[in-house]
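Here is the structure we will look at.
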Amino acid sequence: MVQKAKILLVDDRPENLLALEAILSALDQTLVRASSGEEALKALLTDDFAVILLDVQMPGMDGFETAAHIKRRERTRDIPIIFLTAINHGPHHTFRGYAAGAVDYISKPFDPWVLRAKVSVFVELYMKNCQLREQAALLRLQLEQGARPGGNGSKEPVGLLAELSARLAAVEEQAEALSKQLDESADAAAVATAAHLERKLTGLRRALDALEPGTTGGDKKIPPQE
């Protein structure tokens, strides 16, 4: 069973949170509410999120300040942030949003379909990254077991590598299809994220190809996955 991605919704107005939930419910992911910047930061301490929808105008810690805290933390700095605002003070205000680390800046009232489409792209990228990390962890584990005396496990190395290669190929195919979709949308932030995913896939594929059939891989090193 595929685990659902978590999406963090941050807004001090309950009616706005309710509206966001209604728009994003069709994605069938886990929606997490936060009514303040402080509450959002607390949620980010324990859970991993695919994307954050962050209201700019909030009492106390506003969206810009909240984003700054998120980007300073190593655990959360790479989570995409989409700013939502009911006001527009012109280019300077928008620039401040991007400078705070946002991947997008949307003014209210926004098109529900457009917002849902943007969020779905980052959810899909997050899921592909999770799959890649799982494949990399499995590869490392199997290679470590194979490097131990008599540690071939229940499968021969050739069969194991073939299975890992097949699993990786499935992820590569999905990533390629997603990249083509992003090329058509011309969303620069999403395209850059997809390119980063493809580089990591290439590194893992190169590591698999370097393992010759019949070897244990004990003297091979796997490139670190970010």
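Direction-averaged shadow area of the convex hull around the Cα atoms of the stretch 1-92, nm²?
6.7 nm²
Mind scanning 6/200; 108/180; 6/118 and naming the pairs with a C-alpha gap bigger than 20 Å? Don't skip to the end; give the middle numbers.
On the way: 6/200 22 Å; 108/180 29 Å; 6/118 15 Å.
Checking Cα-Cα distances, 6/200; 108/180 exceed 20 Å.
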Stokes-Einstein translational diffusion, the stretch 3-57 - Kirkwood Rh over all Cα pairs, 0.890 mPa s, 25 °C, in µm²/s = 218 µm²/s
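Only the coordinates and a few stated rules stand behind these numbers; no lab work does. Values in this document were obtained by computation on a predicted structure and should not be read as measured data.
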